[in-house]
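Peer 1: Sharing a structure with you now.
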Amino acid sequence: MIHLEAPTHRIPADKTDRDDEAGALLTANGATYEEARDALYDQVPEGYRLTWIRRVS
């Protein structure tokens, strides 16, 4: 089982790429990295993006 976590940040309205507003820390599991990654992407709220993805086990 692959366990991933990824913080989210709001996409700035002015597209300056500044991530001043942090969002939720998402977690997901999957039998493969691809499954877990897809599960993370499915959780990203509208207007947010993943900052990075980390494997935790």
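Peer 1: What does the net charge come to around Ala36 if you take all other residues with beta carbon closer than 13 Å to its beta carbon, with K and R at +1 and D and E at -1?
Peer 2: Residues near Ala36 contribute -2 overall.
Peer 1: With the radius of gyration and the Kirkwood radius both derived from the Cα set of the chain, what is their ratio Rg to Rh?
Peer 2: Numbers: Rg = 12.0 Å, Rh = 11.6 Å.
On the Cα set of the chain, Rg over Rh gives 1.03.
Peer 1: Which residues make up the longest stretch of the chain that has no trypsin sites (Lys or Arg not before Pro) in a DSSP loop with at most 15 other Cβ atoms within 10 Å?
Peer 2: 19-57
Taken together, the values in this text are just the output of simple stated rules run on the coordinates, not laboratory data. If you're wondering where the values come from, they're calculated on a predicted model, not measured in any experiment. Ideal geometry is used to build each Cβ from the backbone, glycine not excepted, and the neighbour counts take in all protein chains shown.
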